[in-house]
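This is the structure I want to talk about, given as structure tokens.
Readers should treat all values here as calculations from the given coordinates under stated rules, not as data from a laboratory. Quantities reported herein were computed from a predicted structural model and do not represent experimental measurements. Here the Cβ is made from the backbone with ideal geometry for all residues, glycine too, and neighbour counts use every protein chain on show.
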Amino acid sequence: MFKFNTEQKVYQIGKVQVGGQPGELPTFLIGSIFWLGQKMVQDANRGIFDAKEAEAIINKMDTLRDLTGVPFALDVVGTTEEAFSKYIPFVADKTDAPIMLDAMSPKTRMAGAEIIKNAGLQDRCIYNSFYKGVSKAEAAKVKECGITASIVLADNPKDNSLEGKMQVLEEALALAKEGGITKPLIDTAIPAFEPDMGTAVRAIPKIKEKYGHPTGLGTGNVVTTMGWVKAHVPKEFRFGTRTATNAIMQTLGANWLMFGPAEQSDFVFPAVAIVDTYIASAMGDLDIRPLHEQHPIYKIFL
């Protein structure tokens, strides 16, 4: 277990606290909904979806949060402004969890930010994302909309070494600050399952020690996209590889994890809660205690 010398920041996003020393707060999970190819999405461009199925997924996550003590956000994936105009109000109405604004197109992200502002959801929103190359116009739009939390990517396509990630992160954090971001969630940017993927894992404690910001990464499809896993491990057993991946990140200090499709929450939440409990128990020897009584250790042992 790690006890960092640098002050570890805790940020409030909606009703959720994220960050801190290992053992202080449960891992913050982020599950994707309305992702491209999700069966319940009937028309991604127009934002037409099966509302009953979407509500069932959201309700399941709320139930698992209450059972395990593990908080979550919904990563709302939109391909158009029209889609966001339907997805965001729907999710906001069905749960009080934070909402991540996720789109490939900067134009669509900015349109989503405007929807967030008009709905008064800024305090619940996480922008996805700031990175080296974000335009001044996008940064200005995010600031104008009053969104203060964002993923900040330590992604360096030209140099995936630890040094390369640290270098590009400085620039990304500066851009985020310019965009009014006061609650950066640093993403160590793990690539697909490749020989150099370990750099993103090693970066977790390194970045937390240097900056103190909540740090994590997206583990969602990393292992399951590996050819060897797809060729040799039946689908029903691949959950084990994902669970192991999440556990590694947690024990290295990750404060948050983007675990992939929200419908996979059934196996993710309990596993994460168990690892959080181990971590909290171990950190007790270092005089670190959970910051609130909703921590999984109290759910499991009391």
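Mean separation of Cα pairs under 8 Å and 6+ residues apart, divided by the residue count of the chain: what relative contact order is that in percent?
25 percent
Multiplying the sequence separation of residue 158 and residue 301 by 0.36 nm and subtracting their Cα-Cα distance, what value in nm do you get?
Details: separation 143, 0.36 × 143 = 51.48 nm, distance 4.71 nm.
Gain on extension, residue 158 to residue 301, equals 46.8 nm.
Right, something else. Beta carbons within 10 angstrom, averaged per residue: use that to sort the peptides 55-67, 18-30, highest first.
Per-residue mean Cβ counts within 10 Å order the peptides as 18-30, 55-67.
Given labels modelled 7 Å from the Cα in the Cβ direction, how far is it in nm from residue 289 to residue 66?
Calculated label separation equals 2.8 nm.
Over the stretch 202-302, consider all pairs of different Cα atoms and compute the Kirkwood hydrodynamic radius from their mean reciprocal separation; express it in Å, one decimal.
By the Kirkwood definition, the hydrodynamic radius is 14.9 Å.
Could I ask something else about it? With every atom except the alpha carbons ignored, what do you get for Rg and Dmax of the stretch 28-135, in angstroms?
Values for the stretch 28-135 (Cα only, Rg and Dmax): 13.4, 42 Å.
Something else about it: What aspartates and glutamates does residue 165 reach when the alpha-carbon gap must be under 13 Å and sequence neighbours fewer than 8 apart in one chain are set aside?
Candidates past the 8-residue exclusion: 155, 187, 196.
Under 20 Å from the 7 Å Cα→Cβ point of residue 48, by amide nitrogen: which residues of the stretch 83-98?
83-91
Tell me what the chain gives for mean residue ellipticity at 222 nm when only DSSP H runs of n ≥ 4 count, each as -39,500 (n - 2.57), the sum divided by the residue total, rounded to 500 deg cm²/dmol.
So the helix-based figure for the chain works out to -14000 deg cm²/dmol.
I would also like to ask the following. If you take the charge dipole of the chain about its Cα centre, with +1 on Lys and Arg Cβ and -1 on Asp and Glu Cβ, which of 21, 74, 188 is farthest toward its positive end?
So the residue furthest toward the plus end is 188.
Using the structure shown, list the pairs from 94/117; 86/210; 15/143; 117/177 with a Cα-Cα distance above 30 Å, or answer none.
Checking Cα-Cα distances, 86/210 exceed 30 Å.
Which three lengths, in whole Å and largest first, does the stretch 137-264 cover when its Cα atoms are put on their principal axes?
Largest first, the stretch 137-264 extends 48, 32, 26 Å along its Cα principal axes.
How much length, in nm to one decimal, is gained on full extension between residue 171 and residue 107, taken as 0.36 nm per residue of separation minus their Cα-Cα distance? Please list the in-between numbers first.
Numbers: separation 64, 0.36 × 64 = 23.04 nm, distance 2.14 nm.
Difference between extended and current length: 20.9 nm.
I want the local charge near residue 301. Using Cβ-Cβ distances under 15 Å, sum +1 for each Lys or Arg and -1 for each Asp or Glu among the other residues.
Overall, the nearby charge balance is 0.
Compute the Rg/Rh shape ratio of the chain: radius of gyration over Kirkwood radius, all on alpha-carbon atoms.
Details: Rg = 18.2 Å, Rh = 19.3 Å.
Dividing the radius of gyration by the Kirkwood radius yields 0.94.
State the extension gain, in nm to one decimal, for the chain segment bounded by residue 182 and residue 135, taking 0.36 nm per residue of separation less the distance between their alpha-carbons.
Working it through step by step, the gained length comes to 15.1 nm.
Can you run phi through the Karplus equation (6.51, -1.76, 1.60; θ = phi - 60°) for the stretch 147-156 and list ³J(HN,Hα) in whole Hz, with x for Gly and Pro?
7, 10, 10, 7, 5, 10, 8, 9, 10, 10
Placing unit charges on C-beta atoms (Lys and Arg positive, Asp and Glu negative, everything else neutral), compute the dipole magnitude of the chain about its Cα centre in debye, rounded to 20. Walk me through the numbers before you get to the answer.
Working: 32 positive and 35 negative charges, 44 e Å.
My answer is approximately 200 debye.
Another question, if that's okay. Net charge near residue 124: determine it from the other residues with C-beta under 9 Å of the C-beta of residue 124, scoring Lys and Arg +1 and Asp and Glu -1.
-1
Can you list residues whose amide H is under 5 Å from residue 72's amide H, if they're 5+ apart or on another chain and H is modeled 1.01 Å from N?
29
May I ask you to derive the FRET efficiency for residue 4 and residue 274 from their Cβ-Cβ distance with R0 = 25 Å, giving the value to the nearest 0.05?
Numbers: r = 23 Å, r/R0 = 0.92.
Given R0 = 25 Å and the Cβ-Cβ separation, E is 0.65.
Take the Cα gyration tensor of the stretch 34-95, multiply each eigenvalue by 5, square-root it, and list the three semi-axes largest first, rounded to whole angstrom. It would help to have the intermediate numbers written out before the result.
Values: eigenvalues 100, 25, 19 Å².
Equivalent ellipsoid of the stretch 34-95: 22, 11, 10 Å, largest first.
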